[in-house]
Amino acid sequence: MALPAYCNMRERVGYASYLVFCTLVFLFLIAPILIIVPLSFNATPYFTFTEGMLSLDPEAYSVRWYVDMFTNSQWLMALKNSTLIAVSATIVATILGTLAAMGLAANNVPFRNAIMAFLISPMIVPVIISAAAMYFFYTRLDLSQTFTGIVLAHAALGTPFVVITVTATLSGFDHSLVRAAYSLGANPVYAFRHVTFPLIRPGMISGGLFAFGTSFDEVVVALFITGVEQRTVPRQMWSGIREQISPTILAVATLLICMSVMLLLTLEILRRRNVKIRGIKE
């Protein structure tokens, strides 16, 4: 963004210093990611840059660790488990979060703030506390080390994201559209499908994407609840670091970074689409 023409030299220097400071902070935060990506193409089984890599020798780079990730039975099982668990948890979290947000959107809900604080508490409470509580609770229900247990646990962690995004969407929702549908003879189900759902869909999808990313990347709860058959990608990475250090972990981390970037791009596209639907000028 260019500065106005009437800005003096002091303001221009301050603005340039601000940009430099923000750039340095950004580079400091993203530097670990920038290091992991090239290291994942290391031809040698080490976590350091070799002389060949520093001199850009083509023989020093290899995709052997990516091949190992897609041919190793443990990594394939972990990828399958993470995908199934994340998709299932996302569906559950999206349904529950949307229903909760729509219920809280009503004007006559008592203790609305207390209920909202309770729903988003998994985002505030340290995850180690949530994991320990879920472990003792699911153990009594015989859900520990089961597919259902880990799905419900990840759904509980992802639901607050759906509640927040759908609530934000409903904050600008024109309820007169629903009343107009009722006045024209539509029943509640028809009004929701054809009036409410299309308008809150961007918020639902955004919350679902956050829930999916949270489930796919979660490791603490997985350490407490999952068994050998439900081992996820983050838990497999944790076990690999502790038991058998392999650069395959770097290849998996690189793919997770790419997935996170794709999710962020999708969220930005949805945000722009939502703004366009509401007719808001940025």
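What follows draws every value from the coordinates through simple rules; no lab data is involved. Every value quoted in this text rests on a predicted model; they were computed, and no experiment measured them. Here the Cβ is made from the backbone with ideal geometry for all residues, glycine too, and neighbour counts use every protein chain on show.
Between ALA5 and ALA31, what FRET efficiency follows from the Cβ-Cβ distance if R0 is 45 Å, with the result rounded to 0.05? Write out the running numbers ahead of the final one.
Numbers: r = 37 Å, r/R0 = 0.81.
Result of the calculation: an efficiency of 0.80.
Ranking request for peptides 261-267, 52-58, 228-234: highest mean number of other beta-carbon atoms within 10 Å first, then the rest in descending order.
Final packing ranking: 228-234, 261-267, 52-58.
Rounded, prolate or oblate: which fits the range 1-89 when a ≥ b ≥ c are the square roots of the eigenvalues of the alpha-carbon gyration tensor, with rounded for a/c under 1.5 and prolate only if a/b beats b/c? Intermediate values should be presented prior to the final figure.
Working: a/c = 4.59, a/b = 1.83, b/c = 2.51.
Oblate shape, in that a/c is at least 1.5 and b/c is the bigger or equal ratio.
Report Rg/Rh for the range 95-199, rounded to two decimals, where Rg is the Cα radius of gyration and Rh the Kirkwood radius.
My calculation of the ratio gives 1.09.
Mean-square fluctuation check for the chain, GNM, Cα pairs under 10 Å: which of ALA168, ALA93, ALA31 is largest?
Maximum fluctuation in the GNM of the chain, among the listed residues, is at ALA31.
If a helix is a whole DSSP H run, which ones in the chain reach 18 Å or further along their own axis (Cα) and hold a mean Kyte-Doolittle hydropathy of at least 0.5?
Span-like helices in the chain: 9-39, 73-104, 127-140, 147-171, 197-217, 248-278.
Using amide H atoms built in the peptide plane, which far-off residues or other-chain residues are under 5 Å from ASN42 H to H?
Answer set, sorted by chain and number: SER62.
If one computes P(r) from the Cα atoms of the range 40-169, what percent of pairs lie at distances over 17 Å?
Everything past 17 Å amounts to 71 percent.
For the range 42-59, take each phi angle, set θ = phi - 60°, evaluate the Karplus expression 6.51 cos²θ - 1.76 cosθ + 1.60, and give the result in whole Hz per residue in order, putting x for glycine and proline.
For the range 42-59, the Karplus curve yields 5, 6, 9, x, 10, 9, 10, 6, 7, 4, x, 5, 5, 8, 6, 6, x, 6 Hz.
Order of 153-160, 252-259, 187-194 by packing, highest average Cβ count within 10 Å first? All intermediate terms of the calculation are to be shown ahead of the outcome.
On the way: 153-160: 25.2, 252-259: 17.0, 187-194: 12.4.
Result, highest mean Cβ count within 10 Å first: 153-160, 252-259, 187-194.
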